[in-house]
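Colleague: To start, I am sharing the structure in question, which I have written as C-alpha cells.
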Amino acid sequence: MRIGDVPFPGRLRCRAERQYLVVRAWNRRHALKSIMNRTDQIRKGDILAFVTLRNERVRLPYFLDYYRKLGVDHFLFVNNDSDDGSGNYLAEQPDVSLWWTNAGYRRSRFGMDWINRLLMKYGHGHWCLTIDPDEFLIYPHSDSRPLEALTDWLDASGRRSFPAMLLDMYPRGNIEDQPYEEGTDPFQIARWFDPANYSISKNAYYGNLWIQGGPRTRKFFTAEPLAGPALNKTPLVKWHWRYAYVSSTHMLLPRHLNMVYDESGGEMASGCLLHAKFLSTFADKSAEELDRRQHYANSKEYQAYHAGLRRGTDLWCSESREYADWRQLEDLGLISRGNWA
C-alpha cells in the first residue's frame with residue numbers, strides 16, 4: 001500500500017493528529033523565553049537550522065562553523081536550562097536567535113513541541129534543517145556544492161523533504177582515551193563506522209522507513225535489537241506552518257513528506273547525518289541524562305548506555321570501516337545521488 005492509498009478513515013486520523021500537534025506547539029509557546037531574537041535578519045530564501053540543546057558548550061564552535069560553511073544562513077536554538085555557558089556563548093553569535101526554557105524535555109515530546117513552534121512561526125516557506133548539536137549533514141557532492149545547490153535541485157524536482165540516515169561514528173579504542181577539545185573536528189577522533197548491520201522496515205501508518213542497527217544496537221542492545229535507537233531521519237524540509245514533526249525527526253505529517261524513497265526499484269537522493277555522540281564527553285553526558293530521566297521510555301536508551309559503559313566503551317570491531325568521504329558511503333549504499341548528477 002502506497003501513502004496515497006491509505007483508506008479514508010486513516011487520512012482523517014492523520015489530519016486530526018497533525019492539527020493536534022500544530023495546536024499543541026502553539027500552546028507551548030509560553031514555555032519559551034526569548035533571550036536574543038535576531039529573526040529580523042532572516043531573508044527570503046535563507047536556509048534555517050533549528051536546534052534544541054542542553055549543556056553542549058564544548059561542541060558549539062565546530063558545529064556552528066561546519067553549518068555556516070555548508071550554507072546555513074540563520075540558527076534558531078532552544079536552550080533547555082543549560083548551566084555550562086551554552087546560552088551565553090550562543091547569545092553572542094551574530095547569526096543566532098536564542099530561546100530558553102526550563103520546562104520538562106519529556107513533557108514537550110522531547111523538545112519537538114518547542115521546535116514545531118519555532119518552525120511554524122519562522123520556518124514557513126524556508127528550507128529548514130532540524131538537527132542535534134552532535135549531528136553533521138553530508139550529502140552527495142557536499143564537499144563541493146553548498147546546501148543551497150541541494151535545496152535548489154529539490155525545489156526544481158518538486159521535492160519538499162530530504163532524508164538522511166543517522167550514522168554513528170566512533171574512535172578506535174576506548175572513547176575516553178582520546179579527549180575531545182573544543183573547536184576541533186570530532187571526526188578526527190570518531191573516524192570509524194559500521195558499514196553494514198542495519199535493518200529496514202516500513203511504518204504502514206506514517207509511511208516512513210524505520211532503520212535500526214549499527215554500533216549502538218551491536219554494543220548496547222545485543223539482547224533486544226528491536227529496542228535499539230531509530231536511525232532514519234528527515235531533517236531537511238521546505239517548511240509550511242501546517243507541518244509537524246511527530247517523533248524527533250523520524251517522521252512528519254502530512255505523511256507525503258515521509259515518502260523519501262522509491263518503491264519501484266529506483267533510488268532517490270539521500271544523505272547521512274554523521275553522529276558524533278561517542279566522544280570522551282559521552283560518559284558524563286549519559287550519566288546526566290540518566291539522572292534527569294527526561295528521555296523516551298523513561299530513558300531506556302541511557303539505561304542501556306550506562307550498563308554498557310560498565311563493560312567498556314570500545315565500539316570498534318574487525319568489520320569497522322574508516323570514514324573517507326560521501327563517495328565511500330554511496331558505494332556502501334548508505335547514501336544515494338539518485339538522479340542528482
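Every read-out reported here was derived from the displayed coordinates using simple, explicitly stated rules and does not represent laboratory data. Just so it is clear, the model here is predicted, and its values are computed rather than measured. Every residue, glycine among them, receives a Cβ derived from its backbone with ideal geometry; neighbour counts consider all protein chains shown.
Colleague: Hey, which lysines would be in cross-link range of residue 285, C-alpha to C-alpha under 30 Å, not counting anything within fewer than 8 residues on its own chain?
Modeller: Qualifying lysines at Cα under 30 Å: 33, 69, 219, 233, 277, 300.
Colleague: For residue 202, give me every one of the aspartates and glutamates with a C-alpha distance below 18 angstrom, ignoring sequence neighbours fewer than eight places off in its own chain.
Modeller: 5, 262, 263, 267
Colleague: For the range 95-200, which chymotrypsin sites (Phe, Trp or Tyr not before Pro) pass both filters: DSSP loop (anything but H, G, I, E, B) and at most 16 other C-beta atoms within 10 Å?
Modeller: Passing both the DSSP loop test and the Cβ count: no residue.
Colleague: What base-10 log of the normalised intensity I(q)/I(0) is obtained for the range 58-133 from the Debye formula, alpha carbons as equal point scatterers, at q = 0.18, 0.26 Å⁻¹?
Modeller: Values, matching the q order: -0.79, -1.47.
Colleague: Before anything else, pin down the relative contact order of the range 3-331: Cα pairs under 8 Å, at least 6 apart, normalised by residue count, whole percent.
Modeller: Worked out over the range 3-331, it gives 23 percent.
Colleague: Okay, moving on. Treating only the Cβ of Lys, Arg, Asp and Glu as charged (+1, +1, -1, -1), what charge dipole size does the chain show about its Cα centre? Round to the nearest 20 debye.
Modeller: Using only the charged Cβ atoms, the result is roughly 1680 debye.
Colleague: What does the extension gain come out to for residue 200 and residue 65, with contour length at 0.36 nm per residue minus their alpha carbon separation?
Modeller: Extra length available between residue 200 and residue 65 comes to 45.3 nm.
Colleague: Work out how far the C-alpha atoms of the range 3-331 reach from end to end along every principal axis, then list the three figures in whole Å, largest first.
Modeller: The principal-axis extents, from largest down, are 49, 48, 42 Å.
Colleague: If you build a Gaussian network model of the chain, linking Cα atoms that sit under 10 Å apart, which residue out of 28, 18, 59 swings the most?
Modeller: 28
Colleague: How big is the Cα convex hull of the range 139-206 in projection, averaged over all directions, in nm²?
Modeller: 7.8 nm²
Colleague: Please list, in order along the range 211-223, the HN-Hα scalar couplings obtained from phi with the Karplus expression 6.51 cos²θ - 1.76 cosθ + 1.60 (θ = phi - 60°), rounded to whole Hz, x for Gly and Pro.
Modeller: 10, 9, x, x, x, 5, 5, 5, 9, 9, 10, 4, 7
Colleague: Provide, for q = 0.11, 0.16 Å⁻¹, the log10 of I(q)/I(0) from a solvent-free Debye sum over equal Cα point scatterers in the range 166-292.
Modeller: Results for the range 166-292 at q = 0.11, 0.16 Å⁻¹ read -0.49, -0.96.
Colleague: Another question, then. What is the set of long-range amide H partners of residue 167 at a cut-off below 5 Å, with H atoms built 1.01 Å from backbone N?
Modeller: 273, 274, 275
Colleague: Under the definition of Cα pairs under 8 Å and six or more residues apart, what whole-number percent is the relative contact order of the range 1-110?
Modeller: 31 percent
Colleague: Ok, one more. Could you pull the Rg and Dmax for the range 1-147, using just the Cα atoms, both in Å?
Modeller: Rg then Dmax for the range 1-147, in Å: 16.8, 51.
Colleague: Could you list 233, 285, 202, 219 in order of exposure, starting from the residue whose Cβ has the fewest other Cβ atoms within 10 Å?
Modeller: 202, 285, 219, 233
Colleague: Based on DSSP H runs of at least 4 residues, each adding -39500 (n - 2.57), what is the mean residue ellipticity at 222 nm of the chain after dividing by all its residues, to the nearest 500 deg cm²/dmol?
Modeller: Result for the chain: -8000 deg cm²/dmol, rounded to the nearest 500.
Colleague: For the range 88-240, take the alpha-carbon Rg, divide it by the Kirkwood Rh, and send me Rg/Rh.
Modeller: Computed over Cα atoms, the ratio is 0.97.
Colleague: What are the aspartates and glutamates whose alpha-carbon lies under 15 Å from the alpha-carbon of residue 238, with same-chain residues fewer than 8 places away excluded?
Modeller: Counting by Cα, and skipping residues close in sequence, residue 238 has these aspartates and glutamates nearby: 46, 73, 148, 152, 155.
Colleague: Cut-off 10 angstrom, C-alpha nodes, Gaussian network model of the chain. Which of 160, 43, 24 fluctuates the most?
Modeller: 43
Colleague: Quick one: what do you get for the range 94-155 if you divide its Cα Rg by 2.2 N^0.38 Å?
Modeller: My calculation over the Cα atoms of the range 94-155 gives 1.39.
Colleague: Would you mind checking which residues have amide H under 5 Å from residue 251's amide H? H placed 1.01 Å from N; only 5 or more apart, or other chain.
Modeller: 246
Colleague: Sticking with this one: How much net charge surrounds residue 138 when only other residues with a Cβ under 11 Å from its Cβ are counted (Lys, Arg +1; Asp, Glu -1)?
Modeller: With Lys, Arg at +1 and Asp, Glu at -1, the neighbours total -3.
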